[in-house]
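Colleague: Sending over a structure as structure tokens; questions will come in a sec.
The values are calculated or read from the model by the stated rules, or taken from the named source; none is laboratory data. All of these numbers come straight from a predicted model, not from anything done at the bench. Glycine gets a Cβ as well: all are built from the backbone with ideal geometry, and neighbour counts include every protein chain shown. Calculation scope for accessible area: heavy atoms of the full protein, side chains included, ligands and nucleic acids excluded. Shrake-Rupley method; radii C 1.70, N 1.55, O 1.52, S 1.80 Å.
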Amino acid sequence: MFILVESIRAALNSINAHRFRAFLTSLGIIVGVASIIALVCVIQGLSGSVTRLFQGLGTNNLAITSFTSNEKQLSGQFARLNPEDLNLIREKVGGISAITPVLISVANASSMSALSYSSKKGYSRVLGTTYTYQKLSQMVPVHGRFLTDSDNRTRRRVAVVGEEVRQKMGMPANPVGEYIEINGEWVKIVGLMEPKGDAFGVSQDDYVLLPYDTMQSLIGNQNQSDIQILLTVEDLTAAGEIRQRITRLLRASHKLEDNQEDDFKIQSPEQLLSSFSDFINAITYFTIGMVSISLLVGGIGIMNIMLVSVNERTREIGICKAIGAKRHHILLQFLLEALILCLLGGLIGILLGYGIGTAAAHAMNFPLSGVPAWAIGLAFGFVSVVGVVFGMLPAAKAANLDPIVALRYE
Amino acid sequence: MNPERHAAVPDAPAPDTPRGADRPPQAGRKDVIVLDRVVKRFVMGGEELRALDAVDLRIRQNEYVAVTGASGSGKSTMMNILGCLDRPCDGRYLLNGADVTGLNQNELAEIRNREIGFIFQSFNLIPRISSLGNVMQPLLYRGVVHAERKRLATQALERVGLGARLQHMPNQLSGGQRQRVAIARALVTTPSILLADEPTGNLDSSTADQIMQLFDELHKAGQTIIVVTHEPDIAAHCHRVIQLKDGRIVQDYQNAH
Ligand SMILES: Nc1ncnc2c1ncn2[C@@H]1O[C@H](COP(=O)(O)OP(=O)(O)O)[C@@H](O)[C@H]1O
Ligand SMILES: [Mg+2]
């Protein structure tokens with residue numbers, strides 16, 4: 001214990017005597033740790049806002065979309081969901097409190113449609129849906145109203161817009177009663193929805209909603225169109241059973257053989273969330289792997305400088321040995337010096353990484369959830385191992401010096 | 001001061017005691033150092049060189065010895081062995097009656113720390129720590145706690161007249177002051193011998209004289225001292241002079257004081 005405390009004191013003195021060099025020495029470690037921590041901050045923050053986003057979608061919701069496997073895509077066969085599928089589910093599956101089709105305009109690859117208002121032109125996502133969508137997506141009108149059942153039945157040329165659309169088209173604060181042109185067709189705005197803000201720097205308020213049937217008549221050819229089906233289950237515990245029933249029903253209606261895979265997907269927010277976290281985890285492990293390599297390189301840097309420092313201080317080591325330093329005194333001092341350099345580098349890296357994470361959170365507009373303890377533990381654990389492993393060689397070299405040879409060193 | 005010269009007349013060796021060299025000027029005092037046919041060989045470019053050639057030497061407590069001889073005669077080699085920095089190739093070295101010939105590096109480090117105070121020509125202070133820190137250093141290896149180290153080191157520095165230079169860094173001190181710090185560092189562990197290899201070699205003559213006066217005082221206070229020098233007036237301070245030539249002791253006499 002005595003030796004440990006005194007060796008730490010000596011190591012700190014020596015680091016303090018060469019502050020700038022110590023900083024350069026641990027630069028590799030600082031950068032490595034900073035990138036780990038920044039990454040973890042960003043991922044944690046993103047996961048947090050993604051989780052909140054999906055929670056906003058409602059946990060009782062299921063989304064059914066068509067799914068075309070890669071092979072099928074190559075042979076030009078695209079799976080579709082159509083209004084018959086919707087009716088089938090509506091009629092044959094119980095325990096569903098709300099169900100609505102969503103028609104997505106597929107005019108181009110980005111699924112954005114051209115808009116114009118007075119002389120302004122712009123693009124937005126145009127969806128065709130029913131009044132039920134309001135409940136499913138928890139939208140609240142600021143001005144006007146949401147789409148109604150009668151809008152749909154009478155194919156009224158009306159639309160509901162998000163705040164982002166209002167802003168980018170330069171509409172008045174209350175756009176109700178204004179007309180916009182969508183793909184050459186004029187529709188009247190009947191409602192402006194409350195803004196939901198950004199997620200990952202992407203606005204969630206960039207949409208134009210039309211009545212489902214209005215949109216279908218505007219797009220034309222029904223058979224070509226592919227719809228999404230959104231539904232809410234009454235009881236979450238029954239969600240699994242409802243999924244199975246829908247799967248059986250759709251497979252039968254799409255006449256799929258037993259050996260064929262589903263040509264649709266039923267997804268819940270949890271599922272999306274878990275595939276999102278799988279994705280995030282994959283990125284995390286990959287990056288941690290990369291950063292580990294950079295930390296190893298940082299460790300080699302430390303070893304290098306420590307070897308130089310042992311060389312430079314050969315005479316000093318000789319003096320210490322001449323006045324009675326044993327092997328372990330010298331070994332411990334140099335080992336602790338490497339370790340402390342690594343730990344200081346780790347500490348600076350954590351602060352720096354947190355700073356970068358904060359800046360990134362600010363730039364990408366998501367809330368920061370702080371640095372988790374495990375990340376700090378991992379960083380310190382890793383740099384300690386690096387310090388001991390790469391400090392050992394220089395320390396052993398110093399400790400094994402012959403006192404006379406060391407004293408004579410110029 | 002004219003030293004009264006005596007030829008070295010070795011005693012007839014007793015069968016069961018090591019063959020020490022000198023007659024007993026201070027009979028009854030115990031032996032601090034006994035070298036028994038100590039040999040140190042160096043191999044340089046395939047050629048063997050005997051830096052010490054079967055040296056017998058006996059030094060008693062509180063002796064004040066000068067080791068002289070031409071450059072390359074083996075003075076430093078002998079001091080390194082006496083200081084347990086190096087090991088003899090042959091023969092035995094008894095320090096305070098204990099054989100230290102077969103000890104390993106760590107055991108030798110312990111002996112250096114407890115029994116030996118070594119003073120070098122080039123001072124050998126650690127440049128980045130203060131004089132106080134330098135003097136505290138040997139006590140660290142002995143496990144003395146910080147406050148006690150500080151107290152003892154301050155005392156040692158006061159003893160060599162540097163009580164007012166505790167916080168000075170080595171490069172803020174003159175050569176003579178640096179050597180005093182080195183002497184304080186050697187003394188702080190209260191060693192049984194003080195070994196100084198040309199301690200005044202880097203100093204001007206008046207500073208050298210001050211250092212030798214300090215040695216005189218330490219000797220009066222009971223310290224055993226061995227000083228390597230090739231300057232006659234430095235050797236004149238000492239009570240006994242040993243002359244080396246080609247790794248052998250060729251003269252060993254008492255100075256008249
Ligand atoms: N490490 C060494 N390797 C080879 N030869 C050495 C070594 N140390 C000393 N010598 C040789 O041993 C002889 C005695 O050297 P040294 O004891 O330093 O002499 P002095 O101190 O009396 O000038 C010299 O010839 C020197 O060259
Ligand atoms: Mg010499």
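Colleague: Could you state the angle between the C-alpha long axis of helix B:175-187 and the longest principal axis of the C-alpha atoms of chain B, as a value from 0 to 90 degrees rounded to the nearest 10?
Modeller: Result, in degrees: 70.
Colleague: With a 1.4 Å probe, what is the total accessible area buried between chains A and B, in Å² rounded to the nearest 100? Walk me through the intermediate numbers first.
Modeller: Values: alone 20970 and 12280 Å², together 31070 Å².
Chain pair A/B: roughly 2200 Å² of buried accessible area.
Colleague: Once label points are set 7 Å from the Cα along Cα→Cβ at both B:R41 and A:V308, what is their separation, rounded to one decimal in nm?
Modeller: 4.2 nm
Colleague: What's the FRET efficiency of A:Q271 with B:N106 using the Cβ-Cβ distance as r and R₀ = 51 Å, to the nearest 0.05?
Modeller: Details: r = 65 Å, r/R0 = 1.28.
My answer for the efficiency is 0.20.
Colleague: Ignore the peptide's own chain and count Cβ atoms of other chains within 10 Å of each Cβ in B:98-105; give me the average, rounded.
Modeller: Averaged over the peptide's residues, the number is 1.
Colleague: How much length would be gained if the chain were fully extended between B:A221 and B:Q155, taking 0.36 nm per residue of separation minus their Cα-Cα distance, in nm to one decimal? The partial results should precede the final answer.
Modeller: Working: separation 66, 0.36 × 66 = 23.76 nm, distance 1.52 nm.
Full extension of this stretch gives 22.2 nm more.
Colleague: Given Cα pairs under 8 Å that are at least 6 residues apart, what percent is the relative contact order of chain B? Kindly include the intermediate steps, with their values, before the conclusion.
Modeller: Values: 519 pairs, mean separation 69.7, N = 257.
So the answer I get is 27 percent.
Colleague: Report the calculated FRET efficiency for A:R9 and B:S174 (r = Cβ-Cβ distance, R0 = 22 Å), to the nearest 0.05. Don't jump to the answer; show the numbers that get you there.
Modeller: On the way: r = 29 Å, r/R0 = 1.31.
Approximately 0.15, to the nearest 0.05.
Colleague: If you look at just the Cα atoms of the range A:61-268, how large are its Rg and its Dmax in Å?
Modeller: According to the Cα coordinates of the range A:61-268, Rg and Dmax are 17.9, 56 Å.
Colleague: Okay, next question. Which whole-number percent is the relative contact order of chain A (Cα, under 8 Å, 6+ apart)?
Modeller: 30 percent
Colleague: Same structure again: Taking chain A as the reference, fit the longest principal axis to its C-alpha atoms, fit the long axis of helix A:83-92 to the helix C-alpha atoms, and give the angle between the two in degrees, 0 to 90, nearest 10.
Modeller: So the inclination is approximately 90 degrees.
Colleague: How much area per residue is accessible in the range B:184-257 when the probe is 1.4 Å and only protein heavy atoms are counted (Å²)? Working shown, then result.
Modeller: Values: 2810 Å² over 74 residues.
Normalised by residue count, the accessible surface of the range B:184-257 is 38 Å².
Colleague: Considering only DSSP states other than H, G, I, E and B, which trypsin sites (Lys or Arg not before Pro) in the range A:231-270 qualify as loop sites with at most 15 other Cβ atoms within 10 Å? Each step should come with its number before you reach the end.
Modeller: Working: sites: A:R243, A:R245, A:R248, A:R251, A:K255, A:K265; in loops: A:K255.
For trypsin sites (Lys or Arg not before Pro) across the range A:231-270 that sit outside H, G, I, E and B with at most 15 neighbouring Cβ atoms in 10 Å, the list reads A:K255.
Colleague: Sum -39500 (n - 2.57) across every DSSP H segment of at least 4 residues in chain A, then divide by the residue count to get the 222 nm mean residue ellipticity, nearest 500.
Modeller: Numbers: 15 runs with 232 residues, N = 410.
Mean residue ellipticity, 222 nm, calculated: -18500 deg cm²/dmol.
Colleague: On to the next question. Answer rounded, prolate or oblate for the range A:219-372, using the Cα gyration tensor with square roots of eigenvalues a ≥ b ≥ c: rounded when a/c is under 1.5, else prolate when a/b is larger than b/c, else oblate.
Modeller: Values: a/c = 4.12, a/b = 3.48, b/c = 1.19.
Because a/c hits 1.5 or more and a/b exceeds b/c, the range A:219-372 counts as prolate.
Colleague: Roughly how tilted is helix A:373-399, in degrees to the nearest 10 and between 0 and 90, from the longest Cα axis of chain A?
Modeller: The angle comes out near 30 degrees.
Colleague: What's the carbon and sulfur percent of the range A:163-218's accessible surface, probe 1.4 angstrom, rounded to a whole number? Display every interim value, and only then the final one.
Modeller: Values: 1010 of 2260 Å².
About 45 percent, which is the carbon plus sulfur part of the accessible surface.
Colleague: Then there is this: Counting pairs of Cα atoms in chain B, how many percent are more than 31 Å apart?
Modeller: Working: 7798 of 32896 pairs.
Across chain B, Cα pairs with separations above 31 Å total 24 percent.
Colleague: So how much slack lies between A:T148 and A:K168, counting 0.36 nm per residue of separation and subtracting their Cα-Cα distance, in nm? All intermediate terms of the calculation are to be shown ahead of the outcome.
Modeller: Working: separation 20, 0.36 × 20 = 7.20 nm, distance 2.56 nm.
Stretched fully, the A:T148-A:K168 segment lengthens by 4.6 nm.
Colleague: With every protein chain left in place, what is the accessible area of A:F146 in Å² (1.4 Å probe, nearest 10)?
Modeller: Rounded to the nearest 10, that gives 10 Å².
Colleague: Right, next: Counting each DSSP H run of 4 or more residues in chain B as -39500 (n - 2.57), what helix-only mean residue ellipticity at 222 nm follows after dividing by all residues, to the nearest 500 deg cm²/dmol?
Modeller: Details: 7 runs with 76 residues, N = 257.
Using -39500 (n - 2.57) per qualifying helix, the result is -9000 deg cm²/dmol.
Colleague: Among A:L74, B:L108, A:L230, A:L12, what's the order by accessible area (1.4 angstrom probe), most exposed first? Before the final figure, lay out each step's value.
Modeller: Numbers: A:L74 155, B:L108 5, A:L230 35, A:L12 85 Å².
Reading off the accessible areas and sorting them downward yields A:L74, A:L12, A:L230, B:L108.
Colleague: Take the solvent-accessible surface of the protein heavy atoms, probe 1.4 Å, and return the percent of it on chain B that carbon and sulfur atoms account for. Before the final figure, lay out the partial values.
Modeller: Working: 5340 of 11220 Å².
Ligands and nucleic acids excluded, carbon and sulfur give 48 percent.
Colleague: For a Förster distance of 25 Å, can you work out the FRET efficiency between the beta-carbons of A:A396 and B:S71, rounded to the nearest 0.05? Can you show the working numbers first?
Modeller: Values: r = 36 Å, r/R0 = 1.44.
The value I calculate is 0.10.
Colleague: Note down the relative contact order for the range A:61-268 as a percent, whole number, built from C-alpha pairs under 8 angstrom at least six residues apart.
Modeller: Numbers: 405 pairs, mean separation 72.0, N = 208.
Relative CO of the range A:61-268 lands at 35 percent.
Colleague: Give me the distance in nm between label points sitting 7 Å out from Cα along the Cα-to-Cβ direction at A:H362 and A:A282, one decimal.
Modeller: 3.3 nm
Colleague: Shifting gears a bit: State the volume of the convex hull built on the alpha-carbon positions of chain A, expressed per residue in Å³ and rounded to an integer. Provide the component values of the computation, followed by the final result.
Modeller: Values: hull volume 88.5 nm³, N = 410.
Output value, Cα hull per residue: 216 Å³.
Colleague: Going down the list A:K321/B:K150; A:K120/A:K168; B:K40/B:K75; A:K72/A:K92; A:K326/A:K397; A:K72/A:K265, which pairs span over 18 Å between their C-alpha atoms? All intermediate terms of the calculation are to be shown ahead of the outcome.
Modeller: Numbers: A:K321/B:K150 20 Å; A:K120/A:K168 9 Å; B:K40/B:K75 12 Å; A:K72/A:K92 29 Å; A:K326/A:K397 13 Å; A:K72/A:K265 15 Å.
Beyond 18 Å: A:K321/B:K150; A:K72/A:K92.
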